[in-house]
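To keep things clear, I will list the structure first and then write my remarks on it.
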Amino acid sequence: MIKNILTLFFIVIIGLHHSDGQQTPSFTEYNYNPFVINSAYAGVLTQSEASLSNIGFGNQQFSGMPRTLAFTFNTPISRNKMGIGFGFINDEIGVTSSTQFFGAYSYKIILNDNVHPYWKVYDKTFISFGLNAGLLLYNQDLQSLAIQDDGNFSENVSTTLPSMGAGVLFGHANFFAGISIPNLLADTFSNQDNLKLSRPVYAYSGYHFIVNKYQPSFILKPSFLIKYENGAPLQIDSNLSLSYKNVFEIGAGYRTSSTLNAFLGLYILNNFRAVYSYSQGSADSPLGNTHGIILSYRTGNGFAFR
């Protein structure tokens with residue numbers, strides 16, 4: 001039964017064709033809010049979680065610079081076997097702006113038996129399947145570019161489209177890996193010839209190494225994200241961070257577009273986390289340098305160090 005579900009799901013995820021179109025943003029915060037790109041993350045934790053992120057908040061003063069504002073919430077239901085969530089994502093770059101509102105559902109399958117002696121450490125192995133659906137509000141102010149004698153830029157684009165996505169997430173102890181397509185439909189239902197939206201595919205993985213298991217104060221967290229989008233270069237983000245008792249966290253990384261990333265996180269009163277991110281592009285990059293902030297809240301024990 002589980003094998004059949006896995007086979008069907010991966011056929012849906014991987015077997016879809018892709019189209020050229022507007023490139024989607026690079027989600028710097030995937031490490032701290034995987035739900036923003038993968039609906040299968042909904043309800044994976046035993047606590048509810050809300051996140052607010054503003055990536056590129058200093059860019060609005062420069063015309064055309066990218067900016068992403070997102071809010072998400074997810075929570076487990078049905079004794080942690082399922083999860084639900086919702087959110088919105090607003091992207092602005094150049095003359096293009098898009099806002100997506102979505103809801104998500106996930107179903108989790110435990111792959112190993114949870115019956116074990118009380119003295120034995122139990123490392124749960126699971127696979128979670130997620131679906132998301134919502135609306136995409138898309139706008140392009142093409143006429144502001146003042147490009148003459150080109151019919152593709154003679155009219156602005158303004159449309160509202162349905163959106164639907166899917167994702168899968170695997171976890172075992174301190175290891176995780178996921179793959180997702182947040183918008184399977186792209187511009188399928190559009191009646192405008194000058195609108196082309198892509199279907200980006202995200203794959204990511206990571207591991208949490210306890211530096212000293214006898215005094216587990218430091219946790220090393222390597223991770224990477226691969227984004228495939230037809231018509232754009234393959235993008236790979238690789239990051240490494242170090243956490244101290246979930247009091248503070250520092251990290252750095254590299255993106256294949258010649259971009260260096262840096263992170264600084266602070267954990268406040270167990271339930272709150274604030275992360276500052278900075279991305280520095282190469283000298284010839286049109287995107288420049290980007291600042292970001294990610295605020296998260298978890299219920300229960302929150303981010304408390306165990």
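A few comments on the model shown:
- Ranked 86, 218, criterion: other C-beta atoms within 10 Å, fewest first: 218, 86
- Each Lys or Arg adds one and each Asp or Glu takes one away; over the other residues whose Cβ falls under 14 Å from the Cβ of residue 290, this sums to -2.
- Three-way shape label, the range 181-268, alpha-carbon gyration tensor, a/c 1.5: prolate
- Distant-in-sequence amide H partners of residue 186 (H built 1.01 Å from N, under 5 Å): 164
Any read-out appearing in this document is the output of simple, stated calculations on the displayed coordinates, not a laboratory observation. Not measured: the values here are computed from a predicted model. Virtual Cβ from ideal backbone geometry, glycine too; neighbours counted across all protein chains shown.
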